[in-house]
Amino acid sequence: MKDALLDSRGGQLLVGLAAGAAGLAGSYAATGYTPTFVASPIERTLARTMPGEIVTLAITYLGSAGQQLNLVAAVGLTWLLFAAGITAALLGSRAASNRLLPTVGTAVFAWLLTAGLTRAPLLSLGPVLPAVAIVAFAQAFDAYRGTTDPISSKRRRALSTVGVALGATAVGVGVGQHRGSMGEKMPPLDAQGVDNEDVRAKLDTAESNSFDIGSIEPLVSEDFYEVDINSIDPNPDSDGYALSVTGAVESEVTFSYDDITQMAAVNQFSTLRCVGDSLNGDKMDTALWTGVPLQRLVEQAGVRSDCDCVLLKSEDGYEVEFPLEAFNRGLAVYGMNGNQLPRGHGYPVRAVIPGHWGEVNTKWLTEIELLDEEVDGYWEQRGWQGTGPVKPTATLKHDTMLDDGQRQVAGHAYAGLRGVSAVEVSTDGGASWSEATLSDPLPAAEGEGPADDAWRQWRYSYDTPGSTHTVVVRMVDREGNVQTSEETDPVPTGPSGWVSREFRS
Ligand SMILES: Nc1nc2c(c(=O)[nH]1)N[C@H]1C(S)=C(S)[C@@H](COP(=O)(O)O)O[C@H]1N2
Ligand SMILES: [Mo]
């Protein structure tokens with residue numbers, strides 16, 4: 001049989017690449033966007049070993065697209081691994097004149113590679129069938145050409161093989177996305193015996209206290225930002241969930257999901273803001289969190305830490321170390337806005353630590369280790385200093401011309417536990433200042449009064465001068481301190497400075 005696709009090196013490589021793509025798609029179809037997807041372990045290794053400077057550059061200039069780059073690289077690498085193994089099977093079969101080697105070799109290799117990487121033997125069958133199908137298809141096509149089809153060219157066979165592989169890939173991606181949990185609606189918490197009335201009342205207050213301004217987030221964010229060190233989130237199950245308290249304690253204790261959800265719950269508004277946010281950025285949001293005080297969990301173990309510091313660890317390998325004083329104000333959270341905590345925000349259980357930068361709010365929390373000596377967490381090893389209290393900020397997110405001819409500007413203000421007592425607006429580049437209207441505060445977790453650690457909305461209307469002018473915004477905390485005007489980069493301690501915007505008229 002002359003002119004067979006699988007006789008040439010190029011043809012073998014092409015079929016290897018096509019079958020590799022089908023294998024990747026098959027894995028995705030079986031697992032969706034979870035850690036058992038074959039590219040996930042490689043993506044994690046990349047996230048862990050990537051030099052800090054590159055991670056920081058990617059976050060600063062690409063935002064969350066930086067994380068996606070890791071995934072693209074990991075998928076590319078996995079594809080090449082699949083293709084290399086399958087091509088080797090094709091080469092070997094020619095050398096040994098063995099007609100079974102390509103399909104059997106592909107099956108064994110695809111399974112070994114996937115199971116070796118993901119340690120999920122059953123789900124690793126996902127890539128086997130699609131990859132083998134492509135190889136068998138190429139073989140069958142060669143055989144067909146050898147007997148009956150004098151016109152079919154090698155190029156046409158190559159194109160068909162690639163076409164079938166693309167089809168298989170599309171089907172795999174479609175099925176995988178269908179199975180994925182992104183955008184999933186979470187079940188409400190009442191099933192777990194949480195006081196739904198308190199949750200409902202607090203969410204109602206949040207709604208009625210929010211300004212009716214379309215283009216800024218209400219007091220409870222509709223679209224909560226996400227920052228993850230990996231692009232594929234862990235997918236732990238609440239049934240097997242265990243949270244252990246270890247290290248400098250009298251005796252280690254472990255809590256199951258039920259242990260935690262059966263304790264008396266606290267419903268608390270807290271704002272989270274990433275230390276890598278920009279000035280007037282979008283990595284700041286607020287939710288009503290349901291959970292139990294972390295202090296109650298560690299009490300049962302008996303704390304005796306020399307440094308009064310604690311290390312939180314999680315399912316995705318993330319770690320962060322910070323003072324016990326902050327930890328003791330925090331919650332082990334399993335509910336968000338009256339529903340089960342979504343996977344992307346740390347299901348089954350995450351930490352929410354009032355007043356500190358977002359990074360201490362460890363998701364997929366698995367271990368609380370009391371320490372005797374301070375250590376560096378994931379971000380600190382990469383040059384950030386994001387475990388401390390947040391810096392005050394006032395954003396400017398909205399401007400519109402009102403019916404009466406005035407311009408309305410609006411945004412949010414947040415200063416962690418320092419609280420927001422006023423937002424001041426200048427319409428002449430900072431020469432003179434007026435006070436903005438603040439939204440009524442969100443309610444405290446217990447009793448009367450405002451929430452300790454939640455943002456407020458502000459709005460301000462003014463007669464425009466009709467010529468170019470600059471609007472500047474700044475906030476004042478509960479002790480009367482005016483937010484600093486000094487502008488700093490997010491790296492390493494978070495952004496500071498006044499937000500301003502120029503208007504032409
Ligand atoms: N396990 C784990 N926890 C984590 C992270 C992470 O990557 N893994 N990211 C941290 C960072 S940097 C921030 S800003 C917040 C963001 O929380 P969110 O994604 O729920 O908004 O989670 C923190 N907790
Ligand atoms: Mo963050």
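Miscellaneous remarks
- Inter-residue pairs, beta-carbon under 7 Å, first under 14 Å from Glu252 (Cβ atoms) and modelled with pLDDT of 95 or more and in the range 299-319, second hydroxyl-bearing (Ser, Thr, Tyr) and away from ligand 2 (no atom under 16 Å from the Cβ), 6+ apart: Ala301/Ser251; Gly302/Ser251; Lys313/Thr366
- The residues listed here are Glu367, Glu359, Glu325; of these, the one that is at pLDDT 95 or above, in a helix (DSSP H, G or I) and within 14 Å of ligand 1 (Cβ to nearest atom) is Glu359.
- Exclusive hit being of a type in the set (Asp, Glu) and open to solvent by less than 30 Å² (accessible area, probe 1.4 Å), set Glu43, Glu53: Glu43
Yes or no, residue by residue, for (1) closer than 29 Å to Glu359 by Cα; (2) among the charged types (D, E, K, R); (3) surrounded by 21 or more Cβ atoms within 10 Å (Cβ to Cβ):
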site	(1), (2), (3)
Gly411	yes, no, yes
Ala422	yes, no, no
Ser434	no, no, no
Pro441	yes, no, no
Trp455	yes, no, yes
Met475	yes, no, yes
Arg478	yes, yes, no
Pro490	yes, no, yes
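- Taking the criterion of being surrounded by fewer than 18 Cβ atoms within 10 Å (Cβ to Cβ) and in contact (Cβ under 8 Å) with a residue 24 or more places away in the chain, the residues of the range 252-265 that qualify are Glu252, Gln262, Met263, Ala264.
- Take the conditions (1) more than 23 Å from Arg456 (Cβ to Cβ); (2) part of a strand (DSSP E or B); (3) open to solvent by 10 Å² or more (accessible area, probe 1.4 Å); (4) not hydrophobic (A, V, I, L, M, F, W, C); Tyr334 misses just one of them, which is (3).
- Residue in the range 267-280 that is at pLDDT below 95, open to solvent by 20 Å² or more (accessible area, probe 1.4 Å) and of a type in the set (Gly, Ala, Ser) present: yes
- Matching entry among Phe255, Phe211, Phe224 (being assigned to a loop (DSSP other than H, G, I, E, B), aromatic (Phe, Trp, Tyr), in the same structural domain as Asp308 (by TED's automatic domain parsing) and farther than 30 Å from Asn70 by Cα): Phe211
- Residues of the range 221-237 satisfying the condition of being open to solvent by 20 Å² or more (accessible area, probe 1.4 Å) and more than 9 Å from ligand 1 (Cβ to nearest atom): Glu222, Asp223, Asn235, Pro236, Asp237
- In the set Ala131, Ala115, Ala165, Ala143, only one residue is open to solvent by 20 Å² or more (accessible area, probe 1.4 Å), modelled with pLDDT of 75 or more, not hydroxyl-bearing (Ser, Thr, Tyr) and not in a loop (DSSP other than H, G, I, E, B); that residue is Ala143.
- Yes/no for Glu367 being touching a strand residue (DSSP E or B) at 6+ places or on another chain (Cβ under 7 Å), under 21 Å from Glu299 (Cβ atoms) and away from ligand 2 (no atom under 16 Å from the Cβ): yes
- Per this entry, Tyr347 is counted among residues that are surrounded by 23 or more Cβ atoms within 10 Å (Cβ to Cβ), part of a loop (DSSP other than H, G, I, E, B) and more than 14 Å from ligand 2 (Cβ to nearest atom).
- Matching residues, the range 372-391, being open to solvent by less than 20 Å² (accessible area, probe 1.4 Å) and away from ligand 2 (no atom under 15 Å from the Cβ): none
- Filter result (farther than 29 Å from Asp198 by Cα and within 16 Å of ligand 2 (Cβ to nearest atom)) within the range 253-281: Val275, Gly276, Asp277, Ser278, Leu279, Gly281
- Any chance Ser305 is open to solvent by less than 50 Å² (accessible area, probe 1.4 Å) and within 13 Å of ligand 1 (Cβ to nearest atom): no
- Any chance Glu479 is assigned to a loop (DSSP other than H, G, I, E, B), of a type in the set (D, E, K, R), more than 19 Å from Ala201 (Cα to Cα) and touching a residue at least 60 places away in the same chain (Cβ under 8 Å): yes
The values are calculated or read from the model by the stated rules, or taken from the named source; none is laboratory data. Small disclaimer: the values here were computed from a predicted structure and weren't measured. Positions of Cβ are generated from backbone atoms using ideal geometry, with glycine treated the same way; all protein chains shown enter the neighbour counts. When the accessible area is computed, the model is the full protein with side chains, heavy atoms only, and any ligands, DNA or RNA have been set aside. Shrake-Rupley method; radii C 1.70, N 1.55, O 1.52, S 1.80 Å.
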